[in-house]
1. Mind checking which residues of region 165-196 are open to solvent by 50 Å² or more (accessible area, probe 1.4 Å), more than 19 Å from Tyr56 (Cβ to Cβ) and more than 14 Å from the chain's Cα centre (by Cα)?
2. Filter region 120-143 down to residues that are closer than 17 Å to Phe107 by Cβ, open to solvent by 40 Å² or more (accessible area, probe 1.4 Å) and not acidic (Asp, Glu), then give me how many there are.
3. Restricting to region 144-160, name every residue that is of a type in the set (A, V, I, L, M, F, W, C) and open to solvent by less than 10 Å² (accessible area, probe 1.4 Å).
4. Going through region 14-68 one residue at a time, which ones are part of a loop (DSSP other than H, G, I, E, B) and more than 25 Å from Asp141 (Cα to Cα)?
5. For region 71-108, enumerate the residues that are part of a loop (DSSP other than H, G, I, E, B) and either on the phi > 0 side of the Ramachandran plot or hydrophobic (A, V, I, L, M, F, W, C) (or both).
6. Give me the pairs, please: first residue somewhere in region 79-108 and polar (S, T, N, Q), second residue anywhere and at pLDDT 85 or above and not in a helix (DSSP H, G or I), beta-carbon distance under 9 Å, and either six or more positions apart or on two chains.
Amino acid sequence: MGCASAIESGPPIANPADVAAGVGTRTAVEVSVTLRFDWSYADRRGDIGGQGVGRYNPPDSLRVDLFTSGDVAMAIAVAGGELRSLGEIEDVAIPALEFVYAMAGLFRPGDGVAEGYVSGADSVLVYGGESSRRTYFFVRDGRLRRVEERVRGRTAQRVNLEWAESADWPSEAEYRNFDEHSRVRWRVEEITNHEESHPAHAYDLPPVP
């Protein structure tokens, strides 16, 4: 395998599909939730930050609104497997679908068959087959700890997650795009569960081109 990394040189997991099913079940939040968080974004042009609100409907609808000075700087939504956005932050690259989900601690790798390897305390699920672009999901105690996309062995983008004990949602998340030299961070401040779902139109933003 031309793009093999040290991960693929580690001990293989005999049942990666079972590991994937387990982490998928672990990240299957079954109630609608509102998340409130602080966020920051940085690239070569400088830094910006503010408050944010996330709205989740099970199993896979997610919307994130980023506010600066009370105004919406950017909104990103996923519904029906489609990524949508509305925003005023110019020239910001929207992460791929699996990375948007990963920022919320959700394991949604998309189609494909996983390989599995042991790396230290982590189980690593690898998607991408023999292609030069492969995605690595690092799992520990049933939760996502890190997600990386590597192109010809070089890390192109990464999500790192921090979890409080027994929490359903990560307490902190960081996304880095190494090609764009950009970084997004957020820290969750408040989690509210709801008996009723968020309205479907909340996720109806323009499709990402």
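The values are calculated or read from the model by the stated rules, or taken from the named source; none is laboratory data. Quick caveat: nothing in here was measured; it's all calculated off a predicted structure. Counting neighbours? That spans all protein chains shown, and the Cβs are built from the backbone with ideal geometry, glycine included. The protein model used for the area step is the full one, side chains on, heavy atoms only, and it has no ligands, DNA or RNA in it. Shrake-Rupley method; radii C 1.70, N 1.55, O 1.52, S 1.80 Å.
1. Glu165, Phe178, Asp179, Glu180, His181
2. Total satisfying the criteria: 1.
3. Leu144, Val147, Ala156, Val159
4. The answer is Arg44, Arg45.
5. Gly80, Gly81, Ile89, Asp91, Val92, Ala93, Ile94, Ala96, Ala104, Gly105, Leu106, Phe107
6. As it stands, the answer is Ser85/Met74; Ser85/Ala75; Ser85/Ile76; Ser85/Ala77; Ser85/Leu205; Ser85/Pro206; Ser85/Pro207, since those pairs meet every condition given.
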